[in-house]
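Okay, so here's the structure we're looking at.
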Amino acid sequence: MKIALLGKGKTGSKVIELAASNPDISLTIFDSNNRPTREKLQGHDVALSFLTGDIFLEYIEEISASGISVVSGSTGFDWTPERLELVSKSNSPWIHSNNFSLGMNIVKEMISILSKANALFQNSEFKIHEIHHTKKVDAPSGTAKAWKNWLGHEAEMTYERTGDVVGTHELTLKTNNEEIFLRHEALDRKIFAEGALWACSQVNNLRPGLHDFSDVAKEALAKA
Ligand SMILES: NC(=O)c1ccc[n+]([C@@H]2O[C@H](COP(=O)([O-])OP(=O)(O)OC[C@H]3O[C@@H](n4cnc5c(N)ncnc54)[C@H](OP(=O)(O)O)[C@@H]3O)[C@@H](O)[C@H]2O)c1
């Protein structure tokens, strides 16, 4: 698979590390010294973006005009009708995600089961706790908020900022006499690279248009 990797920073460099041990992947790296153009992108199977959102938007027209498939982890912008129009014009499948962790998709299914606890228990309480490195600015994390959203119930939200923790999320369900504890711990930023490379392997099987990574992962789980 020929991948045009856009961005080789903190996350893109993890893609480079993982691809180095996979002989089926060849990477062309684009950064501020080798900027992506439609001509340079053509001939690749997929463009994988770990550019920051503002830089990705600078190139989105060029990427669309190349006509190749896209997997994007760039964050911090909305998919406005104009941007969706560019996806449509490319006539190719695109996958987007703010969190490419594969494990998080399994967690989502587990949370959906826990959310039904009220069908069995009269008294059940949910708590969500997250731990991140000290440089993280937002709290609670976007992922903790997503967990609460997936749960669809009131939950006490707490957080901790310590050391260089990549990201730990915990959900506790407490009933009168039982406790269930669900924990997801990101051990390395490679989890995002791993999920994004998995998305690259799937994208060309999809119909043209924008797809959410969690829907693609959900379908793979449903088939298993
Ligand atoms: N979806 C996910 O799972 C996930 C996970 C982690 C991060 N992210 C997101 O991924 C994005 C990148 O994060 P990061 O921490 O890896 O960023 P980063 O370390 O700042 O890396 C950004 C990269 O963009 C390149 N770049 C900057 N300006 C450019 C330009 N004008 N033209 C071409 N390339 C340019 C830089 O190239 P130089 O090296 O030449 O400066 C660098 O390689 C962010 O939006 C972040 O939120 C997503």
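How much FRET efficiency would the formula 1/(1 + (r/R0)^6) give for ILE55 and SER26, where r is the Cβ-Cβ distance and R0 is 35 Å, rounded to 0.05?
0.90
So, with +1 on the Cβ of K and R and -1 on the Cβ of D and E, and no other charges, what is the size of the charge dipole of the chain about its Cα centre, to the nearest 20 debye?
260 debye
Using only the alpha carbons of the chain, what is the convex hull's orientation-averaged projected area in square nanometres?
Result: 13.9 nm².
Using 1/(1 + (r/R0)^6) with R0 = 25 angstrom and r between the beta carbons of LYS2 and ASN91, what's the FRET efficiency to the nearest 0.05?
0.85
Distance check, please: which entries in LYS8/LYS218; LYS108/LYS174; LYS40/LYS135; LYS2/LYS89; LYS127/LYS223; LYS10/LYS218 exceed 25 angstrom between their Cα atoms?
Where the Cα-Cα span goes over 25 Å, the pairs concerned are LYS8/LYS218; LYS40/LYS135; LYS127/LYS223; LYS10/LYS218.
Provide HIS169, HIS96 in ascending order of the number of other Cβ atoms located within 10 Å of each residue's Cβ, fewest first.
Fewest to most other Cβ atoms nearby, the residues stand as HIS96, HIS169.
Calculate the spin-label point distance for GLU185 paired with MET110, positioning each point 7 Å from the Cα along the beta-carbon direction, and give it in nanometres.
1.3 nm
Under a Cβ-only charge scheme (Lys and Arg +1, Asp and Glu -1), can you give me the dipole magnitude of segment 103-186 about the Cα centre, in debye to the nearest 20?
200 debye
Out of all Cα-Cα pairs in segment 103-186, roughly what percent, to the nearest whole number, are more than 15 Å apart?
Tail of the P(r) past 15 Å holds 55 percent of the pairs.
Within a 10 angstrom radius of the beta carbon, how do PHE77, PHE56 rank from fewest other beta carbons to most?
Placing the least packed residue first, the sequence is PHE77, PHE56.
Of VAL107, VAL70, VAL137, which is the most mobile in a GNM of the chain whose springs link Cα atoms less than 10 angstrom apart?
Residue with maximal mean-square fluctuation among VAL107, VAL70, VAL137: VAL137.
For a quick check: sort HIS133, HIS44 by the number of other beta carbons within 10 angstrom, fewest at the front.
Starting with the residue having the fewest Cβ neighbours, the order is HIS133, HIS44.
With unit charges on the beta carbons (Lys and Arg positive, Asp and Glu negative) and the dipole taken about the Cα centre of segment 1-66, which residue among THR52, ILE29, LEU41 sits farthest to the positive side?
Looking along the dipole axis, the top candidate is ILE29.
Suppose R0 equals 25 Å. What FRET efficiency, 1/(1 + (r/R0)^6) with r the Cβ-Cβ distance, do ILE16 and THR158 give to the nearest 0.05?
For R0 = 25 Å, the calculated efficiency reads 0.10.
Restricting attention to segment 160-217, which GluC sites (Glu not before Pro) occupy a DSSP loop and are surrounded by at most 13 other Cβ atoms within 10 Å?
In loop regions of segment 160-217 (DSSP not H, G, I, E or B), the sparsely surrounded GluC sites (Glu not before Pro) are GLU178.
Can you give the helix-only mean residue ellipticity at 222 nm for the chain, where every DSSP H stretch with n ≥ 4 adds -39500 (n - 2.57) and the sum goes over all residues, rounded to the nearest 500 deg cm²/dmol?
-11000 deg cm²/dmol
Just to confirm my numbers, what's the Cα centroid distance between segment 6-60 and segment 133-161 in Å?
30 Å
Could you list which residues have their amide H under 5 Å from that of VAL165, counting only those 5 or more apart in sequence or on another chain, with H placed in the peptide plane?
Sorted by chain and number, the residues that satisfy this are HIS133, THR134.
Tell me the relative contact order for the chain as a rounded percent, counting alpha carbon contacts under 8 Å between residues six or more apart.
22 percent
Just subtract the alpha-carbon distance of ALA224 and LYS127 from 0.36 nm times their residue separation and send over the number in nm, one decimal.
Result for the pair: 31.9 nm of gain on full extension.
The numbers here are math on the coordinates, done by the rules we state, and not lab data. Because the structure is a prediction, the values reported are computed rather than measured. Note: ideal-geometry Cβ built from the backbone for every residue, glycine included; neighbour counts use all protein chains shown.
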